[in-house]
Amino acid sequence: MKVSDKRPLKRAGLELTALGLGTAPLGGLYAPVALADARATIEAAFAAGIRHFDTAPMYGLGRAEHLVGERLREEEPGGFVVSTKVGRLMSFDRPGRPLPPEAARNAFDSGWHNGLSFREVFDYSYDAILRSYDDSRQRTGLSKLDLLFVHDIGRVTHGDAHAHHWSALTRGGGFRALAELRSAGLIAGFGLGVNENEAILEAMEEADLDVCLLAGRYTLLDGSAADALLPKARARDVALVMGGVFNSGILASTSGRKKYNYVDAPPGILAKAEALEAECRAFGVPLQAAAIQFPFRHPATANVVIGAKTASQLQQNVAWFEQPIPDALWRSLDDKGLIASP
């Protein structure tokens, strides 16, 4: 498998490269990223054959969208796919101004070391979705945005505020705005971009989704999406872009940053990650290569998006993605109950 292999999105009428670049790290997730490194990372992705670039207003509070647009708007339209997100509006950060309740950080918000001077305000309503689309067009400077993902909607993310936000997305017209953008040809498709299986399952009953980005729920460590979400998505032709394959750090290096779902990894997760790494080592396969390729074991997976902070990290991800993995490793992991079966 090569990163440049094309994978069809049946409902959206697009093709994604098998590997996409996720741009959250370029917004300064966990640590600052120099402008030169950010630009070089995007350039290295393009040079490697990656043509799917996933971004969001949240990533660096606008920084990542600016960076993606800066590189891609000089390319011929149609030669790449950009997905971005809706659900957060960027509000000017004035000193001393009280933070509105809707701007409170959610369970998966880690802060940004290179963030621009904005506050994020959650709003999933009809008007906010349309404004978010326009804002992202301006930040990127692109003539078209291909896919829109409703960002971080869900009970785990929003807690007590979930009912309010879900109502805005459904009864408040958020989904209707997305459908209108699609009908007008301004986007090719839409779905959710979330960390929660249940949110996508419920959304499929509310709207005609094309593709969803699911982070961290179909990985070597967490196969929970295999139970209900993946079969339902497959049956309805809702393609899945898989993110968070390293579960926010632990599978990238069990000896380095031990983050799992954006917090310090608990002992049970650490033990499982070490068991996975030992099994991979026995077959001569880096744990990271298995982590990046694992989601393709299920046919609902359209592609995998993965972030990087430098060109060298990007090139390493490409090497892991393209490294051959023997079927015997997957069988062994299955037999030992270490991974979810497809």
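The values are calculated or read from the model by the stated rules, or taken from the named source; none is laboratory data. Since the model is a prediction, treat every value here as computed from it, not as a measurement. Methodologically, a virtual Cβ is constructed for each residue, glycine included, from the backbone with ideal geometry; neighbour enumeration extends over all protein chains shown. Calculation scope for accessible area: heavy atoms of the full protein, side chains included, ligands and nucleic acids excluded. Shrake-Rupley method; radii C 1.70, N 1.55, O 1.52, S 1.80 Å.
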Residues in the range 26-42: is at least one touching a Phe, Trp or Tyr at 6+ places or on another chain (Cβ under 6 Å) and closer than 21 Å to N114 by Cα? yes
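Per-residue answers, yes or no, for (1) open to solvent by less than 20 Å² (accessible area, probe 1.4 Å); (2) at pLDDT below 95:
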{"residue": "E198", "(1), (2)": "no, no"}
{"residue": "M204", "(1), (2)": "yes, no"}
{"residue": "A252", "(1), (2)": "no, yes"}
{"residue": "G256", "(1), (2)": "no, yes"}
{"residue": "L270", "(1), (2)": "no, yes"}
{"residue": "A290", "(1), (2)": "yes, no"}
Subset tally (residues that are buried (at least 20 other Cβ atoms within 10 Å of the Cβ) and either under 18 Å from the mean Cα position of the chain (by Cα) or part of a strand (DSSP E or B) (or both)) for the range 141-157: 11
Scan of the range 275-302 for residues that are assigned to a helix (DSSP H, G or I) and closer than 22 Å to A239 by Cα, ordered by number: A290, A291, I292, Q293, F294, P295, F296, R297
Given the conditions (1) under 25 Å from G216 (Cβ atoms); (2) of a type outside the set (F, W, Y); (3) in contact with a Leu (Cβ under 8 Å, 6 or more places away or on another chain), every one holds for G22 apart from (3)
Just name the residue that is farthest from the chain's Cα centre (by Cα) out of those in the range 109-132 that are open to solvent by 10 Å² or more (accessible area, probe 1.4 Å) and closer than 16 Å to I187 by Cβ. Y126
Counting only residues that are part of a helix (DSSP H, G or I) and at pLDDT below 95, which one in the range 209-250 is farthest from L16 (Cα to Cα)? G249
Filtering the range 55-89 for residues that are closer than 24 Å to K6 by Cα, of a type in the set (G, A, S) and within 14 Å of the chain's Cα centre (by Cα) leaves a count of 2
Do we find that T17 is polar (S, T, N, Q), touching a strand residue (DSSP E or B) at 6+ places or on another chain (Cβ under 6 Å), touching a residue at least 40 places away in the same chain (Cβ under 8 Å) and open to solvent by less than 20 Å² (accessible area, probe 1.4 Å) in this structure? yes
Somewhere in the range 111-120, is a residue at pLDDT below 95 and of a type in the set (S, T, Y)? yes
Looking at the range 46-60, can you tell me whether even one residue there is closer than 18 Å to M90 by Cα and among the hydrophobic types (A, V, I, L, M, F, W, C)? yes
Within the group A177, A184, A161, which residue is crowded, with 21+ Cβ neighbours inside 10 Å and among the aliphatic types (A, V, I, L, M)? A177
Expected output for the range 118-131 (first residue closer than 20 Å to G154 by Cβ, partner of a type in the set (A, V, I, L, M, F, W, C) and open to solvent by 30 Å² or more (accessible area, probe 1.4 Å), Cβ below 8 Å, 6+ apart or cross-chain) is F122/A161; Y124/W166
